Structure formats: structure tokens, C-alpha cells
Amino acid sequence: MKGYYFITDANLSRAGNRSDVLSAVSCGVKTVQYRSKNAETREMYHEALELGQICRDAGSLFLINDRLDIALAVEADGVHVGQSDLPCLRARRLLGEGKIIGVTVHNMTEAVQAEEEGADYLGVSPIFQTATKPDAGKPAGIRLIEEIREQVSLPLVAIGGINHANAPEVVRAGADGICAISCVVAEEDVKERIRRLQELF
Ligand code: TZP
Ligand code: MG
């Protein structure tokens with residue numbers, strides 16, 4: 001989970017998910033999450049198969065947002081669940097010990113609980129205001145990363161409103177990984193945008 005963590009967003013992407021994932025792995029991104037909020041299940045399954053193969057070929061981890069069924073169906077490396085998705089404990093029973101489970105947390109209580117339930121890493125969210133996920137909740141600021149860092153030993157991936165200007169302070173606060181969607185996939189030169197974020201690590 002160290003470094004820049006890539007998440008797909010077909011609505012914001014200029015070049016499309018396939019091109020974005022190819023760009024990400026060619027820049028050496030080690031974790032790719034397939035996130036699709038409006039595709040039908042069959043479409044998700046086919047897209048996940050294709051993107052998963054790209055990641056496997058590149059030696060990068062491939063995770064699925066929310067959809068444990070899709071993760072199982074395409075034999076992804078794991079799943080990322082939010083507070084309204086399947087509980088981490090249940091996801092673990094279904095996926096098994098060998099798979100990766102990331103959990104989105106918004107505060108210390110959720111962070112401690114996710115660690116107790118066996119999460120492999122935490123998505124700390126949202127750090128700043130974001131239009132990409134309208135229901136992300138109130139921005140927590142970098143202080144939340146520092147606080148969780150003190151009490152939880154899991155890798156922390158910061159997300160929400162992170163861009164090239166504010167990313168350095170997020171890394172300084174102790175984030176192991178950072179995810180930034182709109183300031184990467186909505187831009188013309190995706191690789192250049194990714195490289196500039198990777199340089200922070
Ligand atoms: N989860 C919490 S905030 C967010 C997700 C998927 C969106 C982050 O997008 P951006 O464009 O980097 O703010
Ligand atoms: Mg979710």
C-alpha cells in the first residue's frame with residue numbers, strides 16, 4: 001500500500017478505465033482498485049476480468065470496490081469495503097485469509113474496529129472536500145491521519161480531495177499511500193500526473 005494507489009472512475013476519466021489502468025501499471029503503481037458505481041453486474045464482471053489481467057501481467061495488486069461477488073468471480077487480490085458495505089469480518093470469512101481487505105474509515109473508532117476485524121489496510125476518508133464522492137462525509141483533515149497513525153499499525157491510504165498541491169502534507173502526516181482520482185484521470189497526461197504523486201514517496 002506504499003505509494004500512489006490508483007482507483008478507476010469511468011465517469012471522470014478522459015481516456016477510459018483500460019487506458020488509465022495501463023498508464024498506472026506502466027508507471028509502476030502497485031495497487032489498482034476497480035470502482036464502478038453504475039455499471040451492470042455483467043459489465044463489471046467483464047471489465048474486472050480485463051483490468052485484473054492487466055494488473056496480473058504487471059505484477060500489481062488488483063482490488064474491487066464494494067463487490068465481493070465480483071472480486072470472487074474474477075479472482076481479484078481482494079476487496080475494498082466502506083462502512084455501508086459488507087462488514088470486514090464477514091468479507092474475510094467469504095474471501096479467506098489469503099486475500100486483501102481494505103476498509104474505509106472516517107474516525108478513530110472505525111479505524112480501531114477495522115483493525116480488530118482483521119483489515120489489511122485502512123482508507124482514511126475524506127481528507128479534504130471532494131466532488132468525486134458526494135456522500136464521502138465531512139473532510140477530516142490531515143490530523144486524522146496523524147491520530148490513527150499513533151494508535152493503529154495498519155497501512156493507511158489517504159483519500160478524498162487530494163491533489164498535487166496538498167499531497168505533500170498528506171504524506172508528511174504519515175500516510176503510507178495516497179489516492180487521488182480527479183486530478184489524475186480527468187487530466188490529459190495521466191502518466192505525468194501519476195509520476196508527480198509517486199515522487200513524494
Ligand atoms: N472515497 C472517499 S473520497 C473518494 C472515494 C472513492 C473520492 C476521491 O476522489 P478525488 O477526486 O481524489 O477527491
Ligand atoms: Mg463502498
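The values are calculated or read from the model by the stated rules, or taken from the named source; none is laboratory data. Small disclaimer: the values here were computed from a predicted structure and weren't measured. Using ideal geometry, Cβ is built from the backbone for each residue, glycine included, and neighbour counts are taken over all protein chains shown. Protein only, heavy atoms only, side chains kept; ligands, DNA and RNA dropped before computing areas. Shrake-Rupley method; radii C 1.70, N 1.55, O 1.52, S 1.80 Å.
Quick check on this structure: which one of 76, 48, 39 is touching a Phe, Trp or Tyr at 6+ places or on another chain (Cβ under 7 Å), part of a loop (DSSP other than H, G, I, E, B), within 16 Å of ligand 2 (Cβ to nearest atom) and among the aliphatic types (A, V, I, L, M)?
Details: 48 fails: part of a loop (DSSP other than H, G, I, E, B); 39 fails: touching a Phe, Trp or Tyr at 6+ places or on another chain (Cβ under 7 Å).
None of the other options fit; the residue is 76.
Here residue 12 passes the criteria (1) out of contact with any helix residue (DSSP H, G or I) (no Cβ under 6 Å at 6 or more places or on another chain); (2) surrounded by fewer than 18 Cβ atoms within 10 Å (Cβ to Cβ) except the one numbered (1). If you filter region 51-73 down to residues that are in contact with a Gly (Cβ under 9 Å, 6 or more places away or on another chain) and open to solvent by less than 20 Å² (accessible area, probe 1.4 Å), you find that the one that is farthest from ligand 2 (Cβ to nearest atom) is 60. For region 127-182, filtering for residues that are part of a loop (DSSP other than H, G, I, E, B), within 16 Å of ligand 2 (Cβ to nearest atom) and under 25 Å from residue 20 (Cβ atoms) leaves 8.
Can you name every residue in region 90-146 that is open to solvent by less than 40 Å² (accessible area, probe 1.4 Å) and either of a type in the set (Lys, Arg) or on the phi > 0 side of the Ramachandran plot (or both)? Of everything in region 90-146, those that are open to solvent by less than 40 Å² (accessible area, probe 1.4 Å) and either of a type in the set (Lys, Arg) or on the phi > 0 side of the Ramachandran plot (or both) turn out to be 92, 96, 118, 141. On the stretch given as region 1-16, residues that are within 16 Å of ligand 2 (Cβ to nearest atom) and not in a loop (DSSP other than H, G, I, E, B) total 2. Within region 147-166, restricting attention to residues that are surrounded by fewer than 22 Cβ atoms within 10 Å (Cβ to Cβ) and under 16 Å from the mean Cα position of the chain (by Cα), which residue is nearest to residue 115 (Cα to Cα)? Out of the qualifying residues, it is 154. Note on region 75-85: among residues that are in contact with a strand residue (DSSP E or B) (Cβ under 8 Å, 6 or more places away or on another chain) and open to solvent by 10 Å² or more (accessible area, probe 1.4 Å), the one that is farthest from ligand 1 (Cβ to nearest atom) is 77. If you go through region 89-117 and keep only what is within 12 Å of ligand 2 (Cβ to nearest atom) and either among the polar types (S, T, N, Q) or part of a helix (DSSP H, G or I) (or both), you end up with 91, 104.
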